[in-house]
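The values are calculated or read from the model by the stated rules, or taken from the named source; none is laboratory data. Everything quoted here is computed from the prediction, not taken from an experiment. Glycine gets a Cβ as well: all are built from the backbone with ideal geometry, and neighbour counts include every protein chain shown. Ligands, DNA and RNA are stripped out before the accessible areas are found, and what is left, the full protein with its side chains, is counted by its heavy atoms. Shrake-Rupley method; radii C 1.70, N 1.55, O 1.52, S 1.80 Å.
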Amino acid sequence: MRDLYLRVGPSRAACARAPLLKALLIGAIGLSAMLLSGCVTATVQQVREAHTGIGEDDRVVVLGRRHKSRNETETDFIHCVSDQITKKSDGVKVMTENEFVDSVFPWFEPLTAPLDVDDLTNVISRPLVAERIDEIGVRYLVWIEGDTVRSSEAGRLTCNIISGAIPACIGFLSWDSDSNYEASIWDVKSGIHAGRVSAEASGTSFVPAVVVPIPIIAQVRQSACTGLSDQLREFLASES
Amino acid sequence: MMTRSTNALTRTVTQGVRLGLVPIAMAFLFGCTGANVVVETVVPSPLVDRLPVRVGVFFDESLKGYVHEETLEDHGNFRIELGSVQVPVFERVFDALFEEAVALSTMEAGDGVEAIIVPVFEELQFAIPAQTRSQFFEVWIKYRIDVYDPGGELLAQWPLPAYGKSNERNFGFMEDSKGSGLTEASVRALRDAAARLSFYFPRVPEIADLVEEA
């Protein structure tokens, strides 16, 4: 078992200077403001429980849990992780979630999807399902849980129509976003839980407005996606 | 050079106005307009063991043409058109589930089959996030599957509930989230119906008896 910690984006100390940044941002409305984005800190952790490694014909599927009544992982996030593994990988082939759940219908619907590797073993012990999984070459299932939430919203922004029917806004809005995702990796071929990778990210977004509102958005979910997919790619391809 | 800078500034201001005001405009636009949804989907053929039984399937008009219309106070008029998509969903499941599933034009046309199956639409309910304070659009559908012997005598009535939900956070602010959310939730409810039918219908005692006799 091995834990690995990574950090991407500016440090927390940089984020602690947010009040100063707020003041500077209000005065810096202009061309450069459109290019700014809020600061984000991200942490990625990995726990390995078994050896992995991927063959030439093996494919990976990234899936979201759909059976819960809250905190369902955003479809965009699943697509993002899937796309990033595909784009940056050398050898990891990814099958889309829709393609997979359709090809093994109805065994991975919210009602029927296996919740642990024992359930998975029961599902793939059925000849029809085993044959189909073998046919499509799926070796690893990556189940993602978690979401991104907004918190600590503050400030006020007011927009009015001024003379000449010109809209104008004034004020300042800010909010914090927190992402918390965990991916469980199942080895379908061996019927075991190979490990977990988790990603946490947080950041503050601002919208200062003096006539024109200028959103300076912290790309929190995107940072979590990048961190998680980079680590997943390494986890799957590594044979240790 | 001066001209290029001015153009860049103008472009930036325009983008800023768009970014700031478009969400407000969209909120006005989609805030209380309801939704008009025509559900279209193709449910995959289920991977299940085929039962050695020959059945006839009869779809009545109430199932084929079903449209749900409802007005929600403060949220507008909602219309969900499910009719045209339900028959292919049931056909796909029965084709996979039985050795042969024959579409019947009338209930009396069931010569040569061991049972006649009639899916009956009973009820649809939906909820939007603003009503439930959750992040989901939800659709509940209640079907009933009637099973008759070839002579037209009712053998069993089996309830088939189905549920689908869709996360409102999957839709951008520019999108009509009510329309997209209810469409996705309806599609998931139909998939749920197909999944439940594939898994549990063979366990209905009268169907299990037919399999045993075969």
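Report note on the peptides A:162-169, A:176-183: ranked by the mean count of other C-beta atoms within 10 Å, highest first, their order is A:176-183, A:162-169. Taking every protein chain into account, the 1.4 Å probe leaves B:Asp111 with about 140 Å² of accessible area, to the nearest ten. Remark: segment B:52-69, residue by residue, has Karplus-estimated 3J(HN,Hα) of x, 10, 9, 10, x, 10, 10, 9, 8, 4, 5, 6, 5, x, 5, 10, 9, 10 Hz, where x stands for each Gly or Pro and the curve is 6.51 cos²θ - 1.76 cosθ + 1.60 at θ = phi - 60°. Using the Cβ-Cβ distance between A:Ser125 and A:Asn98 with R0 set to 25 Å, the FRET efficiency works out to roughly 0.50. Simple rule: put +1 on each Lys or Arg Cβ and -1 on each Asp or Glu Cβ in segment B:34-213, find the dipole, and look at B:Thr183, B:His68, B:Ala96; the Cα lying farthest toward the positive end is B:Thr183. Distance between the C-alpha centres of segment B:60-99 and segment B:128-195: 9 Å, rounded to the whole angstrom.
When each of the peptides B:73-82, B:131-140 is scored by the mean number of other C-beta atoms lying within 10 Å of its residues, the order from highest to lowest reads B:131-140, B:73-82. With the simple spin-label model, which puts each label point 7 Å out from Cα in the Cβ direction, the B:Leu155 to B:Arg50 separation comes to 1.9 nm. Beyond 31 Å in Cα-Cα separation lie the following of the pairs A:Lys93/B:Lys142; A:Lys88/A:Lys189; A:Lys68/A:Lys189: A:Lys93/B:Lys142. Dipole check for segment B:80-214: with +1 at the C-beta of Lys and Arg, -1 at the C-beta of Asp and Glu, and the Cα centre as origin, the magnitude is about 1080 Debye.
Evaluate the Debye formula for segment B:126-214 with equal point scatterers sitting on the alpha carbons, no solvent, and hand back log10 of I(q)/I(0) at q = 0.10, 0.12, 0.21 Å⁻¹, in q order, two decimals. Reported log10 I(q)/I(0), two decimals: -0.39, -0.50, -0.93. Of the whole protein surface, B:Glu122 contributes about 80 Å² of accessible area at a 1.4 Å probe radius.
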